[in-house]
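The values are calculated or read from the model by the stated rules, or taken from the named source; none is laboratory data. Being a predicted model, the structure only gives us computed values, none of them experimental. In this analysis, Cβ positions are derived from the backbone assuming ideal geometry, glycine residues included, and neighbour counts consider all displayed protein chains.
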Amino acid sequence: MSEQLDVIVVGGGVAGLSCALRLQQAGLAVRLFEAADRPGGNVATQRIDDFLVELGPHTLMASGDWVFQLAEELGLGEALTATRPQAGDRFIARDGAIHTMPSGLWSFLTSPLLSLGSKLTLATEPFRIKRGEPTDSAEDFFVRRFGAEAARVLAGAFISGVYAGDPAKLSAPAAFPLFWGFEQAAGSMILGSVPYYRRRSAERAAAGITPRQGLFSFSEGLGAFPTAAAEALGSAYQGGTSVERIERSGQHWTVHAGGASLQARAVVLAVPPPAAASVLAGADQELSGELGDIPMAPVAVVHLGFRERQAAIPEGFGFLVPRGEGIRSLGVLFPSRLFDGRAPAGGDLLAGFVGGMKDPGALDLDDDALAAIVLDDLADLTGLDAEPDMVRVMRYSQAIPQLVLGHPDRMERVTQRLEDNPGLFLAGNYLLGVGLKDAVRSGLETAVSCRAWLAPSTDAAQDAS
Ligand SMILES: Cc1cc2nc3c(=O)[nH]c(=O)nc-3n(C[C@H](O)[C@H](O)[C@H](O)COP(=O)(O)OP(=O)(O)OC[C@H]3O[C@@H](n4cnc5c(N)ncnc54)[C@H](O)[C@@H]3O)c2cc1C
């Protein structure tokens, strides 16, 4: 007799793993199918020639309390590592050099990053009370709040770093919901942020949540998290199995994977939008079309390992590059300055990002050409003059979902289609935010919705037993 499953989760990135774990903990019969031969999706740590390399994301933000809680549950509490204190400085490239991001009044006043006029526009942000329209682009929003220069240099660099996106095409409320909310609440980002952060720290204190600041990883890298989650799932985790399609049959969903078919009462699609579109093509063409139309930014990551420390690289987090500076790299992180143990003793590890929505052709370049772009940019901006001992290039043709103009309306249509597909749920980093913590949050929230939807029949089954 075939196994009776409550839920099949498709995709073993951090969203799918978190979702499956919570459902399993609730006593539901769960199976997770992951196409790749390792769990984690974008989150992957590899040891390459004595360097501990984060192939995808490098850091986890302190504000993701739920990730820390899950990490504790998975026995990773002791392995949590904050960035080194010296890694506090962030840099932005402008006029052929990198400059420290101002972090206080004096550094703001003396920073060469912005002109005096731009600093005045920024400083008077709280006095320009204005609320935007939901159709605003990120560019509209940041120009309104900060003025054109700071919008290009500061917000533009941030957008390159988080979205690898085009500020004119991203939707302000979808891509920057927190900042958007501040403006909606108070007519100013600065005025709106003060009560929010005050309330948030009071709520965290009341809930007994450890106050954390900054950025984190695990001693063996972020990959420790999906590895531990897959282990905790045990036989419910099935790697190396790609789901080809799903369809609704009566009260169940049938999932076709690896040449076999399996039924469950609910399905959670925790795969990137293009993969979700493909899996859903036969089940709901409209839903598949909506998800398939979400653009994805292409990004190449060039990892450069040096056995000797590079004096040209300052202590700090790394630098971001606003568009319009004549520099092709989107930014370069300094992983060996962020965390101990990322390079052999006395060495350095850097990670350069190239591509994005404004430079999709970069991914067609070969490894040598991509490494040359990052090395040339490092030479121009920092004076680095050394051949790397290790080069590893990763290409992500669909790296970051773009929450573009019209995304909120699209997601409303998606929600409507889901109502016509009872038992079908979505999770992933195109729903609540594109970062790691929001991907996990989406997995956890989807687990709650899925459980609630299954609850009546689960209770009935328990009553019967
Ligand atoms: C280069 C890069 C750097 C990043 N840096 C950061 C950072 O520093 N900080 C941060 O917070 N975030 C960062 N992010 C974002 C972060 O990695 C993602 O938000 C997060 O990992 C997304 O998780 P997910 O589970 O939603 O999706 P994914 O990680 O994409 O996982 C989806 C999984 O589904 C599987 N799958 C796909 N199709 C099928 C199928 N048909 N059947 C079965 N399985 C399937 C895939 O193999 C994959 O494992 C970065 C992303 C990239 C690409």
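Return only the number of the condition from (1) in contact (Cβ under 8 Å) with a residue 40 or more places away in the chain; (2) surrounded by 22 or more Cβ atoms within 10 Å (Cβ to Cβ) that I159 does not satisfy.
It fails just one condition, (1).
Using beta carbons and a limit of 8 Å, which pairs, at least six apart or on different chains, have the first residue in the stretch 413-426 and in the same structural domain as E286 (by TED's automatic domain parsing) and the second one among the basic types (K, R)?
Going by the 8 Å Cβ cut-off, the qualifying pairs are N421/R248; G423/R248; G423/R265; L424/R248.
Within the stretch 418-439, can one find any residue that is away from the ligand (no atom under 16 Å from the Cβ), in a strand (DSSP E or B) and either farther than 21 Å from P298 by Cα or at pLDDT below 95 (or both)? Working first, answer last.
We begin by selecting, within the stretch 418-439, every residue away from the ligand (no atom under 16 Å from the Cβ); these are 418-423.
In the following step, the residues that additionally are in a strand (DSSP E or B) were identified as none.
Within the stretch 418-439, none of the residues are away from the ligand (no atom under 16 Å from the Cβ), in a strand (DSSP E or B) and either farther than 21 Å from P298 by Cα or at pLDDT below 95 (or both).
Suppose the filter is among the β-branched types (V, I, T) and assigned to a helix (DSSP H, G or I); does T254 pass it?
For T254, the condition - among the β-branched types (V, I, T) and assigned to a helix (DSSP H, G or I) - is not met.
So which of A257, A270, A266 is within 13 Å of the ligand (Cβ to nearest atom), touching a residue at least 12 places away in the same chain (Cβ under 8 Å) and crowded, with 21+ Cβ neighbours inside 10 Å? Let's see the steps before the verdict.
Numbers: A257 fails: crowded, with 21+ Cβ neighbours inside 10 Å; A266 fails: within 13 Å of the ligand (Cβ to nearest atom).
Going through A257, A270, A266 in turn, just one is within 13 Å of the ligand (Cβ to nearest atom), touching a residue at least 12 places away in the same chain (Cβ under 8 Å) and crowded, with 21+ Cβ neighbours inside 10 Å: A270.
Take the stretch 162-175 and flag every residue that is touching a helix residue (DSSP H, G or I) at 6+ places or on another chain (Cβ under 7 Å), outside any helix (DSSP H, G or I) and surrounded by fewer than 23 Cβ atoms within 10 Å (Cβ to Cβ). Explain how you work it out, then say what you get.
The first filter runs over the stretch 162-175 and keeps only residues touching a helix residue (DSSP H, G or I) at 6+ places or on another chain (Cβ under 7 Å), leaving 163, 165, 167-168, 170-175.
The next check asks that each one be outside any helix (DSSP H, G or I); those that pass are 165, 167-168, 170-171.
Passing the criteria: only A168.
Please indicate, with yes or no, whether at least one residue in the stretch 2-16 is within 16 Å of the ligand (Cβ to nearest atom), assigned to a helix (DSSP H, G or I) and within 24 Å of G161 (Cβ to Cβ).
Here is the first cut: in the stretch 2-16, the ones within 16 Å of the ligand (Cβ to nearest atom) are 5, 7-16.
After this cut, where a residue has to be assigned to a helix (DSSP H, G or I) as well, the list is 14-16.
Still in the running and within 24 Å of G161 (Cβ to Cβ): 14-15.
Looking through the stretch 2-16, at least one residue is within 16 Å of the ligand (Cβ to nearest atom), assigned to a helix (DSSP H, G or I) and within 24 Å of G161 (Cβ to Cβ).
Going residue by residue through the stretch 296-306, is there one that turns out to be out of contact with any strand residue (DSSP E or B) (no Cβ under 6 Å at 6 or more places or on another chain) and either part of a strand (DSSP E or B) or not aromatic (F, W, Y) (or both)? I'd like the intermediate steps shown before the answer.
So the first thing to find is which residues in the stretch 296-306 are out of contact with any strand residue (DSSP E or B) (no Cβ under 6 Å at 6 or more places or on another chain), and the list is none.
No, because not a single residue in the stretch 296-306 is out of contact with any strand residue (DSSP E or B) (no Cβ under 6 Å at 6 or more places or on another chain) and either part of a strand (DSSP E or B) or not aromatic (F, W, Y) (or both).
When the stretch 176-214 is examined, which residues are found to be part of a helix (DSSP H, G or I), more than 26 Å from T83 (Cα to Cα) and of a type in the set (G, A, S)?
Those that are part of a helix (DSSP H, G or I), more than 26 Å from T83 (Cα to Cα) and of a type in the set (G, A, S): G181, A185, A186, G192, A206.
Output the residue which, of all residues in the stretch 391-409 that are in a strand (DSSP E or B) and either modelled with pLDDT under 95 or out of contact with any Leu (no Cβ under 7 Å at 6 or more places or on another chain) (or both), is surrounded by the fewest Cβ atoms within 10 Å (Cβ to Cβ).
First, pick out the residues of the stretch 391-409 that are in a strand (DSSP E or B): 391-401, 404.
Of the ones still in play, those that are also either modelled with pLDDT under 95 or out of contact with any Leu (no Cβ under 7 Å at 6 or more places or on another chain) (or both) are 392, 396, 398-401.
Values: R392: 19, Y396: 19, Q398: 15, A399: 23, I400: 23, P401: 24.
Checking each candidate, the answer is Q398.
Looking at G341, G324, can you tell me which residue is touching a residue at least 12 places away in the same chain (Cβ under 8 Å) and under 23 Å from E54 (Cα atoms)?
On the way: G324 fails: under 23 Å from E54 (Cα atoms).
So the residue among G341, G324 that is touching a residue at least 12 places away in the same chain (Cβ under 8 Å) and under 23 Å from E54 (Cα atoms) is G341.
Being surrounded by 17 or more Cβ atoms within 10 Å (Cβ to Cβ) and in a helix (DSSP H, G or I) is the filter here, so list the residues in the stretch 364-378 that pass it. Steps first, answer last, please.
So in the stretch 364-378, the residues surrounded by 17 or more Cβ atoms within 10 Å (Cβ to Cβ) come out as 365, 370-371, 373-375, 377-378.
L370, A371, I373, V374, L375, D377, L378 - these are the residues of the stretch 364-378 that are surrounded by 17 or more Cβ atoms within 10 Å (Cβ to Cβ) and in a helix (DSSP H, G or I).
Assess whether S107 counts as being in a helix (DSSP H, G or I) and among the small types (G, A, S). Steps first, please.
Details: in a helix (DSSP H, G or I): yes; among the small types (G, A, S): yes.
Yes, satisfied.
Can you tell me which residue among V30, V14, V53, V9 is outside the structural domain of P226 (by TED's automatic domain parsing) and in contact (Cβ under 8 Å) with a residue 12 or more places away in the chain?
Numbers: V30 fails: outside the structural domain of P226 (by TED's automatic domain parsing); V14 fails: outside the structural domain of P226 (by TED's automatic domain parsing); V9 fails: outside the structural domain of P226 (by TED's automatic domain parsing).
Selected residue: V53, the only one of V30, V14, V53, V9 that is outside the structural domain of P226 (by TED's automatic domain parsing) and in contact (Cβ under 8 Å) with a residue 12 or more places away in the chain.
Pull out all pairs, ordered by first then second residue, where Cβ-Cβ is under 8 Å, the residues are six or more apart or on different chains, the first lies in the stretch 70-86 and is under 21 Å from D340 (Cβ atoms), and the second is of a type in the set (K, R) and part of a loop (DSSP other than H, G, I, E, B).
From the stretch 70-86, the pairs are A82/R212.
Based on this model, can you work out whether A79 counts as under 30 Å from A230 (Cα atoms) and not assigned by TED's automatic domain parsing to the domain that holds L154?
Values: under 30 Å from A230 (Cα atoms): yes; not assigned by TED's automatic domain parsing to the domain that holds L154: yes.
It is true that A79 is under 30 Å from A230 (Cα atoms) and not assigned by TED's automatic domain parsing to the domain that holds L154.
Looking at M101 and the list (1) free of Cβ contacts under 8 Å to residues at least 60 places away in the same chain; (2) surrounded by fewer than 18 Cβ atoms within 10 Å (Cβ to Cβ); (3) among the hydrophobic types (A, V, I, L, M, F, W, C), which single condition is not satisfied?
(2)
If you take the residues of the stretch 1-12 that are small (G, A, S) and out of contact with any helix residue (DSSP H, G or I) (no Cβ under 7 Å at 6 or more places or on another chain), which of them is nearest to A228 (Cα to Cα)?
Within the stretch 1-12, the subset small (G, A, S) is 2, 11-12.
Add one more test, that the residue is out of contact with any helix residue (DSSP H, G or I) (no Cβ under 7 Å at 6 or more places or on another chain), and what stays is 2, 11.
On the way: S2: 28, G11: 16 Å.
So, considering only residues that are small (G, A, S) and out of contact with any helix residue (DSSP H, G or I) (no Cβ under 7 Å at 6 or more places or on another chain), the one nearest to A228 (Cα to Cα) is G11.
For the stretch 187-223, which residues satisfy the criterion of being surrounded by fewer than 21 Cβ atoms within 10 Å (Cβ to Cβ), of a type in the set (A, V, I, L, M) and in contact with a helix residue (DSSP H, G or I) (Cβ under 7 Å, 6 or more places away or on another chain)?
Within the stretch 187-223, I190, L191, I209 qualify.
What is the residue count in the stretch 224-243 for residues that are assigned to a strand (DSSP E or B) and in contact with a helix residue (DSSP H, G or I) (Cβ under 7 Å, 6 or more places away or on another chain)? Before the answer, list the steps.
Going residue by residue through the stretch 224-243, those that are assigned to a strand (DSSP E or B) are 237-238, 243.
So of that shortlist, the ones also in contact with a helix residue (DSSP H, G or I) (Cβ under 7 Å, 6 or more places away or on another chain) come out as 237, 243.
Final tally of qualifying residues: 2.
Any residue in the stretch 243-250 that is at positive phi and either assigned by TED's automatic domain parsing to the domain that holds D438 or among the small types (G, A, S) (or both)? Give the derivation first.
Here is the first cut: in the stretch 243-250, the ones at positive phi are 250.
So of that shortlist, the ones also either assigned by TED's automatic domain parsing to the domain that holds D438 or among the small types (G, A, S) (or both) come out as 250.
Within the stretch 243-250, one or more residues are at positive phi and either assigned by TED's automatic domain parsing to the domain that holds D438 or among the small types (G, A, S) (or both).
Just give me the residues in the stretch 20-59 being within 8 Å of the ligand (Cβ to nearest atom), among the aliphatic types (A, V, I, L, M) and in contact with a helix residue (DSSP H, G or I) (Cβ under 6 Å, 6 or more places away or on another chain), in sequence order.
V43
Would you confirm whether or not the stretch 141-151 contains a residue that is outside any helix (DSSP H, G or I) and within 30 Å of H58 (Cβ to Cβ)?
Here is the first cut: in the stretch 141-151, the residues outside any helix (DSSP H, G or I) are 147.
From the residues that got through so far, the ones that are within 30 Å of H58 (Cβ to Cβ) too are none.
Among the residues of the stretch 141-151, not one is outside any helix (DSSP H, G or I) and within 30 Å of H58 (Cβ to Cβ), which makes the answer no.
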